[in-house]
Structures are given as structure tokens and as C-alpha cells.
1. Given the options 140, 125, name the one that is in the same structural domain as residue 33 (by TED's automatic domain parsing), modelled with pLDDT of 80 or more, out of contact with any strand residue (DSSP E or B) (no Cβ under 9 Å at 6 or more places or on another chain) and surrounded by 12 or more Cβ atoms within 10 Å (Cβ to Cβ).
2. Can you tell me which residue is nearest to the chain's Cα centre (by Cα) among those in the stretch 39-90 that are small (Gly, Ala, Ser) and loosely packed, with under 15 Cβ neighbours inside 10 Å?
3. Go through (1) surrounded by 17 or more Cβ atoms within 10 Å (Cβ to Cβ); (2) among the charged types (D, E, K, R); (3) in contact with a Leu (Cβ under 9 Å, 6 or more places away or on another chain) and name the single condition residue 94 misses.
Amino acid sequence: MGLISRMSDIVQSNINALLDKAENPEKMIKQLILEMQDTLVEVRSVAATVLADKKHIERNMSKLNVESENWQNKAAIALSKGREDLARAALAEKQRVDAALKGSHGQLSDVQESIETLQNDSSKLNEKLIEAKIKQKSLLIKHRTVGARLKVKSVGTCDKVDSAIVKFDQYERRIDDLEAQVDAYDIASESKSLTTELAQLKTDDDIDRQLAELRKNVA
């Protein structure tokens, strides 16, 4: 009775609802799977016993049917021989056998009902077990995913990311400085060239003036 009650509780239970209420869903689903597997083992044992009972009842019913027919035949023979007393006695035995046969029919009906119940509940329990194992895999994958995300968000990892960003900013700053130095060099070079040209022009003017004075003196 306890087995049937436990099976009924498991079959009617909602695995998702149980896990939502559990403090440790992974531990809870593991316990559920173990309980279902143990229950299935018990169900197989009970089913084997019930099937053996069914075969015993059917074998006994077969014997009772033969015995009933025999008493019927004996009653007919006794009556044909004019022994109504023996015929009555034979029919009384037949009635006793038929009563036992009727009781066996009732037993067989009860056993058959038990077998059908065990089969239906076993089928549903197997479905629940498959569902629980799928849920267990889902929880395991979710646990790994959350663990990976938590590791990424850990302080050490954040520090590494921040450090990488700082280094990148430093490299970018150095590149900007180098570009500024090149630009400054170009500007300085252009300024120097302009100054040189202007000075050259002044020098040329002085030479032209001196040359003109020299020509004047020579003339």
C-alpha cells in the first residue's frame, strides 16, 4: 500500500514546482531521481509477485473447471443408473467447486486490476524519471553557464579588463605624442626654410647694392 501511495505522489507531483521551492534545486532533482529509480525497482518486484499470483489463480481455475465438469458428468451417470442420491451428492460437490471457481474469478479480477494499475503507474513514473533527468541536465548546463558568467564578472577579471583599457589609452596617448612631434618638426622645418629664404633675399640685395656701387666707382 505504501508503494502504491508513494508512486501516486511521485506521478502527481510537479517537478518544476518542487524545484522552484527547493533551496538547492540540483540536490533536490538528484534525490528525486534516486527515489524514482528505487521505486521502479520495488514496482518490478511487486509486479513479479502479482504476475505469479495471477498464474497461480489461473492454474487453479483451470483445475476447478475440470473438476466441475467431472462432477457434472458423475451426476449424469449416477442419474442414468437410477442413483438419484449419488447424483445429488455429485451436484452438491459441483456446486462447491463452482463457488470456489467464482471466488477465483473475483481474485483474478482484483489481481488483473492491480497489474493494470502497476503498468499505468510504471509508465507514468518512467516518464517522470525521463523528465527529471532532462531537468537535471538543464540545471547542470545552467550552473556551468552561471559559473562562467560569475567568473567573468569577478574582481580579478574586471581588474584585468581595466588594466588593458588603461594600457590601450597609454599607447594611444604615445601615438598622439609621436604624431605631434612629427607635426612640430614639419612646422619648424617650414619656418626655418622661410627664414633662410628671407635672409638669402636680404643678402642678395646687399650684394646687388655693393656691385652697383663698385660699377659706379669703376666707371
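The values are calculated or read from the model by the stated rules, or taken from the named source; none is laboratory data. It should be emphasised that the depicted structure is a prediction, and the values quoted were computed from it without experimental measurement. Heads up, the Cβs are rebuilt from the backbone with ideal geometry, glycines too, and the neighbour counts pull from every protein chain shown.
1. 125
2. So, considering only residues that are small (Gly, Ala, Ser) and loosely packed, with under 15 Cβ neighbours inside 10 Å, the one nearest to the chain's Cα centre (by Cα) is 45.
3. Single failed check for residue 94: (3).
One line per residue, one yes/no per condition, for (1) among the hydroxyl-bearing types (Ser, Thr, Tyr); (2) at pLDDT below 90; (3) over 20 Å from residue 133 (Cα atoms):
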site	(1), (2), (3)
26	no, yes, no
39	yes, yes, no
58	no, no, yes
61	no, no, yes
83	no, no, yes
